[in-house]
């Protein structure tokens with residue numbers, strides 16, 4: 001029974017995410033007026049889509065969703081860590097936020 005529950009709970013969460021994520025990321029959000037925030041949201045939509053084996057929405061590739069200069073979420077002392085651990089959905093947008101899980 002324990003093995004079944006360890007399989008079932010993540011499987012249900014994955015099925016729920018697969019149903020909810022397309023509703024959230026299909027339409028491009030309204031631009032915030034802050035390019036870092038817009039690029040971050042596009043990275044989040046890409047990351048969640050890839051993680052849940054869904055098609056990445058086309059709007060995430062809008063040139064406005066890519067920075068021209070790197071942006072680090074953190075202090076100078078952890079830039080190397082952020083460079084090494086940021087998922088590609090943000091790294092390709094020059095946003096370095098490190099690794100985390102959803």
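Laboratory data are not the source of any read-out in this text; all were calculated from the coordinates shown. Just so we're clear, the structure is a prediction, and the values are computed from it rather than from any experiment.
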Region 26-102 - percent relative contact order, Cα under 8 Å, separation 6 or more: 31 percent
Extension reserve of the residue 67-residue 94 stretch, reckoned as 0.36 nm per residue once the Cα distance is removed: 9.1 nm
